[in-house]
1. Give the residue, chosen from 133, 159, that is assigned to a helix (DSSP H, G or I), crowded, with 18+ Cβ neighbours inside 10 Å, charged (D, E, K, R) and not assigned by TED's automatic domain parsing to the domain that holds residue 297.
2. Within the range 96-130, how many residues are part of a helix (DSSP H, G or I) and farther than 20 Å from residue 10 by Cα?
3. Suppose the filter is over 24 Å from residue 81 (Cβ atoms) and either touching a Leu at 6+ places or on another chain (Cβ under 8 Å) or hydrophobic (A, V, I, L, M, F, W, C) (or both); does residue 266 pass it?
4. Determine which member of the set 261, 240 is at negative phi and modelled with pLDDT of 95 or more.
5. Across the range 17-57, which residue is nearest to residue 292 (Cα to Cα) among those that are small (Gly, Ala, Ser) and assigned to a helix (DSSP H, G or I)?
6. So if I check each of 298, 243, which one is under 21 Å from residue 213 (Cα atoms), surrounded by 17 or more Cβ atoms within 10 Å (Cβ to Cβ) and within 18 Å of the chain's Cα centre (by Cα)?
7. Return yes or no: is residue 67 among the basic types (Lys, Arg) and not assigned by TED's automatic domain parsing to the domain that holds residue 284?
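The values are calculated or read from the model by the stated rules, or taken from the named source; none is laboratory data. All figures in this text were calculated on a predicted structure; none of them were measured in a lab. No Cβ is skipped: glycine too gets one built from the backbone with ideal geometry, and neighbour counts run over all protein chains shown.
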Amino acid sequence: MTDRDSDTRREPLLLIVGPTGSGKSRLGLEVAEALGAEIVSADAFAVYRGLDIGTDKPDAGARRRVRHHLIDVADPRERFSAGRFATEAAAAIADIRRRGLLPVVVGGTHFWIRALLLGLFPSPPRDPDLSRRLAADWDRDATAIVQRLADADPEAATRIGANDRQRVLRALEVLELTGTPLSEHWRRQERSSEHRPVLVAPRRPRADLYARINARVDVMFASGLREEVRRILVSGVPRDAHALKAIGYRQVVEHLEGLCDNATAVDNTKIASRRLAKRQLTWLRGLTEGELHWVPPAETGGAEAVSHLWLAELKGRGTT
């Protein structure tokens, strides 16, 4: 069987991706309504119960209009991994299809989307001594550790980002344990996914995107983000929990601990959000999971464009 034959046998899967603030959630909602679909969220922090304002989680009205999966499924004291996401997202997609409906994956967490589409390579067992040594190196000089990864594996360093301590250290650990960069493991990874991705993203000028991000941060703080973080901490969630590393939450924790004033927390959240958007755009430009189709935002006909694209995909495969 040729690669082309294999590709045509895989089930097409619609994914709406894009940088933070681009309007992919609204686009996904309108597309799902137009196509009679259900949404599978691929947001690394919307999985946590109680993290509502800072994640811009779909509200009750949106969830009444369209059923959403993988939102509010984890306690913020635990860490919801990419592997767990891939397993639970695949189960949700299969269930939606069994009921004769269309699953639409919506989110901007690249590592999760990659895990869903390509799987995760068999990771070597952790070495406790090596893990402790790398953690101590990070505590002494985090910048030097990030640079170490950038020098050894620039592709992995770019994808992971300098602030993701756990994944930076794991990438270095994999390199030392196997002698092979993490990015090379990714490339060797078997592409046995049952899905043929149809990837779309709303296109916005960079200035418009950043203006939307800044405005959204202002709304988040005005809507009670600080009070939300206080409630989470009072409930017993430790300040260093993975859930509270989300942009906005991390900055508010610093403010509540007296490390900065409120205005600085707001500004730092805007800066971190814009940097995240820049990294996400870099990922989209170099996307390897499948071809990306840029479409207008929802307010200028994006849902109609995605619907036409999807129907053309089905017609081309003789499934309509």
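1. Working: 133 fails: crowded, with 18+ Cβ neighbours inside 10 Å.
Matching residue, one of 133, 159: 159.
2. Qualifying residue count, the range 96-130: 5.
3. Against the criterion (over 24 Å from residue 81 (Cβ atoms) and either touching a Leu at 6+ places or on another chain (Cβ under 8 Å) or hydrophobic (A, V, I, L, M, F, W, C) (or both)), residue 266 qualifies.
4. Details: 240 fails: modelled with pLDDT of 95 or more.
After applying the criteria, what remains is 261.
5. Applying the filter and picking the extreme gives 28.
6. Values: 298 fails: within 18 Å of the chain's Cα centre (by Cα).
It is 243.
7. So residue 67 does not fit the description; no.
To keep it simple, each residue is scored yes or no on (1) among the β-branched types (Val, Ile, Thr); (2) in contact with a His (Cβ under 6 Å, 6 or more places away or on another chain); (3) without any contact (Cβ under 8 Å) to a residue 12 or more places away in the chain.
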{"position": "26", "(1), (2), (3)": "no, no, no"}
{"position": "55", "(1), (2), (3)": "yes, no, no"}
{"position": "59", "(1), (2), (3)": "no, no, yes"}
{"position": "82", "(1), (2), (3)": "no, no, no"}
